[in-house]
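Here is the structure we will look at.
The values are calculated or read from the model by the stated rules, or taken from the named source; none is laboratory data. All values derive from a computational prediction rather than experimental measurement. We place every Cβ from the backbone using ideal geometry, glycine too, and count neighbours over all the protein chains shown.
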Amino acid sequence: GAGVSQSPSNKVTEKGKDVELRCDPISGHTALYWYRQSLGQGLEFLIYFQGNSAPDKSGLPSDRFSAERTGGSVSTLTIQRTQQEDSAVYLCASSLEGSAWRRTTDTQYFGPGTRLTVL
Amino acid sequence: KQEVTQIPAALSVPEGENLVLNCSFTDSAIYNLQWFRQDPGKGLTSLLLIQSSQREQTSGRLNASLDKSSGRSTLYIAASQPGDSATYLCAVRGDSNYQLIWGAGTKLIIKP
């Protein structure tokens, strides 16, 4: 079956512009995660969705970052007024949920990422 | 605050050798630990997931162990091949949240 897909694969934008990054999870996966991988900083968690709600937004670095998920499927990560420090690879992952409200016992499957470059 | 450390940062060995990658974490209250590989320019591929109640998991030539009380996990790769060359990352999931906390990775090069 299809894996996690992300678009665009690469995005170059000018400082101050808004960008939208899209993630299509594996069909049937109720949990969706966004991570960011920056040079020299490794991977960091951004936000977690269970269905359309986001119980954990603690990793979003500033109020310029927001994310939504509709229909329990596609998610969009929006960065407003981009800054050069936002340049990174943004990774999306999905997994099955093992219970109604917390935790997954299952593996997180990752998409190929979107490489964002802010000039 | 959970911190994950991977040693060594880089490793280069001849093909055919058995090798061990190390991962340590500071907070033993984990739900699970995952090992991933990342190939250049590509996403992450999950290799093994160990639940906190488990001691080890095996998949083919890979074996991952977990000692939660000491905050350590090892990834053992048997009979290494050039195709094993990649960056290997470990990540732990806390007992009370959904986040994966990541190590910085070990860059592995297997020389033919």
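Observations
- Per-region count, the range B:49-105, residues among the hydroxyl-bearing types (Ser, Thr, Tyr) and either farther than 18 Å from B:SER28 by Cβ or within 14 Å of chain A (Cβ to nearest Cβ) (or both): 11
- Matching residues, the range A:64-84, being under 24 Å from A:SER95 (Cα atoms) and either surrounded by fewer than 21 Cβ atoms within 10 Å (Cβ to Cβ) or without any contact (Cβ under 8 Å) to a residue 40 or more places away in the chain (or both): A:PHE65, A:SER66, A:ALA67, A:GLU68, A:ARG69, A:THR70, A:GLY71, A:GLY72, A:SER73, A:VAL74, A:THR76, A:THR78
- Among the residues of the range B:1-15, those identified as hydrophobic (A, V, I, L, M, F, W, C), more than 12 Å from B:GLY71 (Cα to Cα) and under 14 Å from the mean Cα position of the chain (by Cα) are B:ILE7, B:ALA9, B:ALA10, B:LEU11.
- One residue stands out among those in the range A:39-63 that are among the aliphatic types (A, V, I, L, M) and surrounded by 18 or more Cβ atoms within 10 Å (Cβ to Cβ): the one that is farthest from the other protein chains (Cβ to nearest Cβ), which is A:LEU60.
- One residue from B:SER65, B:SER24, B:SER12, B:SER69 being surrounded by fewer than 20 Cβ atoms within 10 Å (Cβ to Cβ), among the polar types (S, T, N, Q) and assigned to a loop (DSSP other than H, G, I, E, B): B:SER69
- Annotation: B:SER80 fulfils all but one of (1) farther than 25 Å from A:LEU39 by Cα; (2) outside any loop (DSSP other than H, G, I, E, B); (3) at pLDDT 95 or above; the unmet one is (2).
- Test: residue in the range B:31-39 that is within 11 Å of chain A (Cβ to nearest Cβ), of a type outside the set (Gly, Ala, Ser) and assigned to a loop (DSSP other than H, G, I, E, B): yes
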